[in-house]
Structure formats: structure tokens, C-alpha cells
Amino acid sequence: MELNDLQNVPGAVKNSKRVGRGIGSGNGKTAGKGHKGAQARSGFNSRPGFEGGQMPMHRRLPKRGFYHAKRSPLAIINVEMLEKHFDAGAEVTTAGLLERHIIAKKAGGVKVLGKGEITKALKLVVEAISPGALSKLEAAGGSVVLVAAGAAKAAKE
């Protein structure tokens with residue numbers, strides 16, 4: 001088989017319908033487009049969601065929720081990950097977590113949660129911490145310094 005031997009399967013290609021060629025053809029006069037109006041004219045194109053002038057679905061349905069402009073998402077990390085990635089006495093900062101690729105960068109900074117156990121005394125400099133994580137960290141001899149989101153970055157500059 002060669003490229004010049006390729007043919008369509010019978011019935012794959014149909015001849016286009018010839019419209020507007022007299023009443024006897026079954027598609028004469030208005031050529032299947034009905035009577036007048038935008039859809040009967042050449043160049044007609046409706047936008048997505050247009051329902052012929054009827055109130056469209058996106059306007060019939062009620063609005064829900066709101067956007068909280070001041071809320072910033074936090075990167076989440078559990079104490080078990082701190083136990084795994086840091087040595088005893090280490091200072092854990094948002095920048096240090098980012099450098100080690102333990103967290104993804106988020107506008108609100110880092111929040112430490114209490115899943116897992118921790119035995120090492122770490123010094124945390126983060127934006128938020130849960131009560132459970134705080135009690136586990138202090139029981140292990142660690143300490144926490146809470147900073148405002150973006151404050152650690154501003155201090156370095």
C-alpha cells in the first residue's frame with residue numbers, strides 16, 4: 001500500500017446539500033433557514049449561551065458566595081514532617097521549608113498542624129500553628145515565634 005493508493009471508505013464523504021434550487025427540490029425558497037431574522041441572513045453568529053433572546057441560564061440562576069479579598073492561603077505542614085526533615089535544635093523558617101521543597105509557596109505563609117509525633121526540640125518561625133501542634137512542640141522542648149504573613153521576607157530585604 002502506498003500513499004497514492006489511499007481512498008475513502010464508501011459513504012465516508014457525502015456531497016453537500018444544494019439548497020435554494022427551486023421548490024421541487026424540497027429545500028428551495030428559504031433554503032431550510034425559515035423566514036427572515038438574523039439566522040436567515042449571511043454572516044450570522046450567536047455568542048455562546050445565547051438563547052434566542054430568552055433570559056439565559058447564567059442570568060436565571062442566583063449568585064452564590066463571595067470573594068474574600070484579604071484572605072491568603074496557607075501552606076500546610078504537619079509536625080511529623082518537621083521530625084523527618086530537621087535535626088534537633090534547628091530553626092525552621094518559611095524560607096528554609098521552601099528551599100528544601102517541603103512546601104509550596106503560598107501568599108499567607110506556613111501553618112503547622114499537629115498530625116504525627118515530634119521528639120526533637122525545634123525553633124519554629126512561622127505564620128500560624130494549631131493548638132495541638134503547639135502543645136506537642138512545647139512538650140518536646142521546642143519554641144514557636146509567630147510572624148505576620150510576608151514579615152520574614154520583608155525583614156531579609
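The values are calculated or read from the model by the stated rules, or taken from the named source; none is laboratory data. Treat the numbers as computed from the prediction; the structure is a model and nothing was measured. Methodologically, a virtual Cβ is constructed for each residue, glycine included, from the backbone with ideal geometry; neighbour enumeration extends over all protein chains shown.
Looking across 88, 38, 107, one residue alone is modelled with pLDDT under 90 and closer than 29 Å to residue 140 by Cα. It is 88.
Within the option set 20, 34, being surrounded by 12 or more Cβ atoms within 10 Å (Cβ to Cβ) and assigned to a loop (DSSP other than H, G, I, E, B) holds for one residue only, 20. Suppose we keep only residues that are basic (Lys, Arg) and assigned to a loop (DSSP other than H, G, I, E, B) within segment 104-124. Which one would you say is nearest to residue 73 (Cα to Cα)? Only one residue tops the list, namely 106. Taking the conditions exactly as written (more than 26 Å from the chain's Cα centre (by Cα), charged (D, E, K, R) and surrounded by 11 or more Cβ atoms within 10 Å (Cβ to Cβ)), does residue 111 satisfy them or not? Against the criterion (more than 26 Å from the chain's Cα centre (by Cα), charged (D, E, K, R) and surrounded by 11 or more Cβ atoms within 10 Å (Cβ to Cβ)), residue 111 does not qualify.
Within segment 125-140, being part of a strand (DSSP E or B) and in contact (Cβ under 8 Å) with a residue 40 or more places away in the chain holds for one residue alone: 128. Within segment 2-17, the set of residues being on the phi < 0 side of the Ramachandran plot and assigned to a loop (DSSP other than H, G, I, E, B) comprises 2, 6, 7, 8, 9, 10, 12, 13, 14, 15, 16, 17.
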